[in-house]
Amino acid sequence: GAGVSQSPRYKVAKRGQDVALRCDPISGHVSLFWYQQALGQGPEFLTYFQNEAQLDKSGLPSDRFFAERPEGSVSTLKIQRTQQEDSAVYLCASSLQIYSNQPQHFGDGTRLSIL
Amino acid sequence: KNEVEQSPQNLTAQEGEFITINCSYSVGISALHWLQQHPGGGIVSLFMLSSGKKKHGRLIATINIQEKHSSLHITASHPRDSAVYICAVNLPLIKAAGNKLTFGGGTRVLVKP
């Protein structure tokens with residue numbers, strides 16, 4: 001595709017509900033990252049995929065957060081039993097190669113509001 | 001202490017003014033990125049650099065590896081430059097961790113006509 005696509009753009013959920021956020025990276029991009037951006041802050045790393053393998057999930061804040069990329073392309077970030085502190089913009093980014101520094105291409109993010 | 005610090009947090013300029021945003025980091029890095037984020041949330045990569053200086057249009061980015069410091073300059077600023085500018089770094093590459101970014105808190109820039 002032309003760029004990284006994220007859906008939905010906005011999600012409102014009640015505390016305790018489960019949510020699923022989707023990321024469609026640029027075709028052929030091996031690396032995929034999820035970041036969380038609280039209001040007025042810089043993004044923070046959540047998890048990293050190399051193709052379908054989740055190689056780093058050190059940034060996931062709790063076991064309520066789960067991410068997958070089963071076929072090495074589309075990724076889903078799932079948050080179970082949402083809490084108010086989960087309210088943030090969730091950004092997905094992809095890059096072409098694995099081991100060299102390259103620009104990351106970002107989606108427009110999903111703004112999650114937990115009531 | 002955050003690994004990546006930016007200053008100022010907020011900046012207001014008149015159209016045409018020269019703008020400088022600073023970024024300091026406390027760890028060894030393999031690359032530094034300057035990113036632009038508009039109110040809609042989307043992030044655009046402006047520069048990636050590991051040494052020296054890069055220029056693109058009215059934007060200039062410099063980095064001093066020894067001092068662990070980078071600056072982003074906007075010459076002849078325009079209201080359309082109003083955005084949040086974010087500094088981010090790649091730590092030295094570890095194969096299992098990919099090239100994840102560590103971000104500064106961002107600088108909110110407002111350019112008034």
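To the nearest whole number, what is the average tally of beta carbon atoms from other chains within 10 Å of the beta carbons of peptide A:35-47?
4
Under unit Cβ charges (Lys, Arg +1; Asp, Glu -1), what dipole magnitude, rounded to 20 debye, does segment A:6-58 have relative to its Cα centre?
Once rounded to the nearest 20, the dipole reads 340 debye.
Based on the inverse mean of 1/r over its pairs of different Cα atoms, what is the Kirkwood hydrodynamic radius of chain B, in Å?
14.3 Å
In whole angstrom, how far apart do the alpha carbon centroids of segment A:1-53 and segment B:1-29 sit?
That distance is 26 Å.
Normalized C-alpha radius of gyration of the protein assembly as shown, against 2.2 N^0.38 Å?
1.01
Kindly work out what percent of the DSSP beta bridges joining two residues of chain A are antiparallel, to the nearest 5.
Of all bridge pairs located within chain A, approximately 90 percent are antiparallel.
Taking the Cβ of each residue in B:80, A:22 as the centre, tally the other Cβ atoms inside 10 Å and list the residues starting with the fewest.
Fewest-to-most ranking of B:80, A:22: B:80, A:22.
May I ask for the Kirkwood hydrodynamic radius of segment A:18-101, worked out over all distinct Cα pairs and given in angstroms to one decimal?
13.0 Å
When you count, for each residue, the other Cβ atoms within 10 Å and take the mean per peptide, how do A:80-89, A:46-55, B:99-108 rank with the highest first?
So the peptides A:80-89, A:46-55, B:99-108, ranked by packing, come out B:99-108, A:46-55, A:80-89.
Laboratory data are not the source of any read-out in this text; all were calculated from the coordinates shown. Worth saying up front: this structure is predicted, and the values here are computed from it rather than measured. Because the Cβ atoms are built from the backbone with ideal geometry, glycine has one as well, and the counts that use them run over all protein chains shown.
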